[in-house]
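The values are calculated or read from the model by the stated rules, or taken from the named source; none is laboratory data. Everything quoted here is computed from the prediction, not taken from an experiment. Cβ atoms come from the backbone with ideal geometry, glycine included; neighbour counts cover every protein chain shown. Note: accessible area is taken over every heavy atom of the protein model, side chains too, but ligands, DNA and RNA are not part of it. Shrake-Rupley method; radii C 1.70, N 1.55, O 1.52, S 1.80 Å.
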Amino acid sequence: MKKYTGKGVYGAVAIGKISIFKRQEVSVKRERIDDIDAQKQRVEDAKAQATAQLQEIYDKALKEVGEANAQIFEIHMMMLEDLDYNDSICNIIETQSVNAEYAVAVTSDNFAEMFSAMDDAYMKERAADIRDISNRLIRNLQAGGSDNALGDDKVIICADDLAPSETVLLDKEKVLAFVTAHGSSNSHTAILARNMNIPAIIGLGDAFLSEIKDGDSAIVDGFTGEIFISPDEETTARLEKKQKEDEEKKKLLQELKGKENVTLDGKKINIYANIGSVDNIGAVLLNDAGGIGLFRSEFLYLESNDYPTEEQQFAAYKKVLESMAGKKVIIRTLDIGADKQVDYFNLAKEENPALGYRAIRICLTRPEIFKTQLRALYRASAYGNLGIMFPMITSVSELEKILAICSEVRDELAAEGVEMAEKVELGIMIETPAAAVISDLLAPMVDFFSVGTNDLTQYTLAVDRQNPEIEEFCDTHHEAILRLIEFSAQSAHKHGAWIGICGELAADTSLTERFLRMGIDELSVSPTFVLKVREAVRSVDLSHA
Ligand code: PEP
Ligand code: MG
C-alpha cells in the first residue's frame, strides 16, 4: 500500500480503480502561408465551432451543477470574443505570414503568461481558462476529435490538473473522485467538484502521477486529503466504515431541507450563507439557506484590472438579489487591504497591514470609490431585499460619516428619479474589540450587527490570522471573544437591532447552544454548512437553564 497526501477540497470517501486522465494534447507546427485571409477565415470558423461546443457544455453544466457554476462556460464564450485576444491572433498571422494554429498557440502562451504573472490569485487562475479555450480552437483548426470520454466503469480520475470544461464534461455518473497533482482550492474545478458532491483532492505533487497507473485500486479520503493506492485490508475496512457513516450523515442532513431552524423549545433563528462571488448562489439555493448573510463584495474588485464601474457593480448586485427572489441579501461594502491586495488601488506597503489602511478606512478617505459602490447598491435595492453592511468599524464618528454618505447617495439617486427599495437595512460588522465594547453606542444607529469572528479573534487575542505558526494561540472559544459577542447581542437587542454572526465561528456547532442563549438571531455560514448548523439548532433545548 502507498499513501499520498494533498489537500481535500470536498469531504467524502471514494473506493475504486484509477483512471489517468488522457488529454488530447495539441501539438502545433509553425508553417509559412501565402493566403493570410484564408487563415483568418479558418480562425473565424474554428471560433464559431468552439462557441457551439461551449454552448453545449454550458447547457449540460446548467442541468448538472446549476446556473452559477455553468457561468464559467459563458465566460469562455466571452473570452473567445475578446478583442485583444483576437487582435493578437490576426496580427501574428499578418505580420509573420504563419498558419492559424501557430498564431493561436503563441497568443495563448502570451496571455496565459500575463495572467500567471499577476499577483491576484483569481487572475492567476484565468491562465488555465485561456489555455482551455485556445486548445479548443486549435483542436477545431486541426479538425480534432471530441472531448474526453470514459469507459463503462466508475473510476477515480487522476490528472496533473483539470480545466473547468474538462471537469464538467466528464460523465458525472462515471466519476467516483477527482484527484490532481496540482491545482488550488479556489479554482473553478475545485468549486465544481464541491458542487457536484464528488470527493476531490488537489496538490498531491508530481511524484504521485508518475507512480500510479491505470486500473490501480485506490481509496480517496476527501476529508483528510489522503489517497491510498493498493490499500491493505485494515485501511479498506476503516474507510469503508467511514464512507458508510458519511453517506448516512449526508442523507440525514438532506432530510432537513425545507425544515425550520427551530430549537426543541420553539425558538427560531435565521441561517444564511456567506458568498464571495455571484457564482456561489447555486450552492446557497442547493443547501436551502434562508438568505445571504455576507456577500464579500471585494471579489468584484479582486477580479478586475481596474475599479469596477457603477454599471458593472449594479449588474452583479442585481443578479444576486434577483436570484435570491426576495430573501435577505446582505452585501458588505469593499473590504480591501491587509491580505486582500489589489494592484490598481496602489496601496503603500505597510508594516502591519491588518492594523493598517483597509476596508472602511479606504472608503472614508477615498469617498469617490465608496459612493460608486453605494450608488450601485441602492440602485440594485429595487430588485430584492437588500441589507448593506460596513466592515472594520471602530468608532461612532466613523459610523456617523458613513450614514451621512448613505443619505447623500440616496438623495442624489432620488433626485435622478431612480427606483430604490423603500427600506434598505444598514448594519455594521462587529469585528474589532472597540466596536464590541461600544456596541451600546453603535446599536441605536443601525438596523443590525454582524459579528466577524475571524477578525474579532485576531484583534482580541493579538493573533495574526495569516500566520500558521501561532495557530495554537488562536483559541476561538476564548472567553474574551464570547463575552464581546454576548455584550454586543445585549446592546443590539436593547436598541431594537438584530445580531448575526458571519465569521467562521458561526459554523462551529459546539457553540450553537451558547450563541442561541446569547440571543443571536442569525448565523451565516458557508453554503455547505447550512444543514449541519440547522441540525445543531434543532437539537438545542433552551428551556433548561
Ligand atoms: C470576519 O472577519 O469574521 C469576516 C467575516 O470577514 P473576513 O473574513 O472577510 O475578514
Ligand atoms: Mg473581517
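Residue check: T107 meets all listed conditions (1) closer than 30 Å to G337 by Cα; (2) part of a helix (DSSP H, G or I) but one, namely (1).
Take the residues in region 430-439 that are within 13 Å of ligand 2 (Cβ to nearest atom) and part of a loop (DSSP other than H, G, I, E, B); name whichever of them is nearest to the chain's Cα centre (by Cα). The extreme case among them is E431. Among the residues of region 13-46, those identified as over 15 Å from I157 (Cα atoms) and among the hydrophobic types (A, V, I, L, M, F, W, C) are V26, V28, I33, I36, A38, V43, A46.
So, in region 455-482, how many residues would count as being within 15 Å of ligand 2 (Cβ to nearest atom) and out of contact with any Cys (no Cβ under 7 Å at 6 or more places or on another chain)? Working first, answer last.
At the first step, the residues of region 455-482 found to be within 15 Å of ligand 2 (Cβ to nearest atom) are 455-461, 463-466, 474, 476, 481.
Those left that are additionally out of contact with any Cys (no Cβ under 7 Å at 6 or more places or on another chain): 455-456, 458-460, 464-466, 474, 476, 481.
So the answer is 11.
Residues in region 231-256 that are open to solvent by 40 Å² or more (accessible area, probe 1.4 Å) and assigned to a loop (DSSP other than H, G, I, E, B): D232, E255. For V463, the conditions (1) of a type outside the set (F, W, Y); (2) buried (at least 17 other Cβ atoms within 10 Å of the Cβ); (3) at pLDDT 95 or above are fulfilled apart from (3).
Inspect region 86-105 for any residue being closer than 23 Å to F345 by Cα, open to solvent by 30 Å² or more (accessible area, probe 1.4 Å) and not assigned by TED's automatic domain parsing to the domain that holds S304 and give the result as yes or no. So far as region 86-105 goes, no, none of its residues is closer than 23 Å to F345 by Cα, open to solvent by 30 Å² or more (accessible area, probe 1.4 Å) and not assigned by TED's automatic domain parsing to the domain that holds S304. Within region 440-456, the presence of at least one residue that is over 21 Å from E400 (Cα atoms), surrounded by fewer than 16 Cβ atoms within 10 Å (Cβ to Cβ), within 13 Å of ligand 1 (Cβ to nearest atom) and within 28 Å of the chain's Cα centre (by Cα) is confirmed. Please go through region 301-326 and pick out each residue that is within 16 Å of ligand 1 (Cβ to nearest atom) and either buried (at least 21 other Cβ atoms within 10 Å of the Cβ) or at positive phi (or both). Y301 - this is the single residue of region 301-326 that is within 16 Å of ligand 1 (Cβ to nearest atom) and either buried (at least 21 other Cβ atoms within 10 Å of the Cβ) or at positive phi (or both). Looking at region 1-91, the strands (runs of 3 or more DSSP E) lying wholly inside it that each contain 1 or more residues that are closer than 30 Å to D246 by Cβ and modelled with pLDDT of 90 or more sit at 2-5, 13-20. Only one entry of T394, T372 meets the criterion of being open to solvent by 30 Å² or more (accessible area, probe 1.4 Å), away from ligand 2 (no atom under 16 Å from the Cβ) and among the β-branched types (V, I, T), and that entry is T372.
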